[in-house]
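One structure is given here, and the rest of the page talks about it.
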Amino acid sequence: MNKSFRTALALAALAALPVLAVPLAKVALATDKQPVAQTAQAPQSSTARDVAASGRPAFTGADGLTVQEAAPIPKDVTDDRRKQRNYPEQPPVIPHSVAGYQLDLNANKCLTCHSREMTGDSQAPMVSVTHFQDRDGQVLGAVSARRYFCLQCHVPQSDVQPRVPNLFQDVDSVIRGAHPPAAKGGK
């Protein structure tokens, strides 16, 4: 085969990929499969609707596929109470809403309360002294650029139930389980 024929053959194969991928995408992206007849007869729930009736065009015009409605966004926990940490060096979680906070190269809304200068007025805990060190351990006068984007480590909490059971045990619980306390006044 000559080089131009192989190139044309390769280009034709690449052009055919989207056509071949559509049936696979219908199967892979469908959240539920229901027979078309069942969809027409059964009353529609508020959580699953027929794609054609959703008011949005179906991604491929597939019949009989349903789309799951997303649950409403849960509310943030805003009780401003510090949560117990589960392990040493765990970043504290954020006990208040951070919606609308500007946190970019130009401004850090978190530091308006948590900076060393503002904690007296805000009564918020000051950022850890580790935030004032560079990667070499050199102490800086301001928050290190490595620690400037708070939401990389600190996360707001939401009032939701876990989607899967959490079997995590903190180190103190593990130690207590391995060595139960001795009975008082006994032998």
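The values are calculated or read from the model by the stated rules, or taken from the named source; none is laboratory data. Keep in mind it's a predicted model, so treat the numbers as computed, not measured. Note that we place each Cβ from the backbone using ideal geometry, even for glycine, and neighbour counts take in every protein chain shown.
Quick rundown of the values:
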item	result
Test: residue in the range 134-145 that is surrounded by 13 or more Cβ atoms within 10 Å (Cβ to Cβ), in the same structural domain as Tyr87 (by TED's automatic domain parsing) and assigned to a helix (DSSP H, G or I)	no
Any hit, the range 162-175, residues being part of a loop (DSSP other than H, G, I, E, B) and more than 30 Å from Ala71 (Cβ to Cβ)	no
The range 133-184, subset farther than 21 Å from Arg116 by Cα and among the hydroxyl-bearing types (Ser, Thr, Tyr), residue nearest to the chain's Cα centre (by Cα)	Ser158
Residues of the range 128-157 that turn out to be farther than 29 Å from Ile73 by Cα and either touching a helix residue (DSSP H, G or I) at 6+ places or on another chain (Cβ under 9 Å) or among the aliphatic types (A, V, I, L, M) (or both), as a count	16
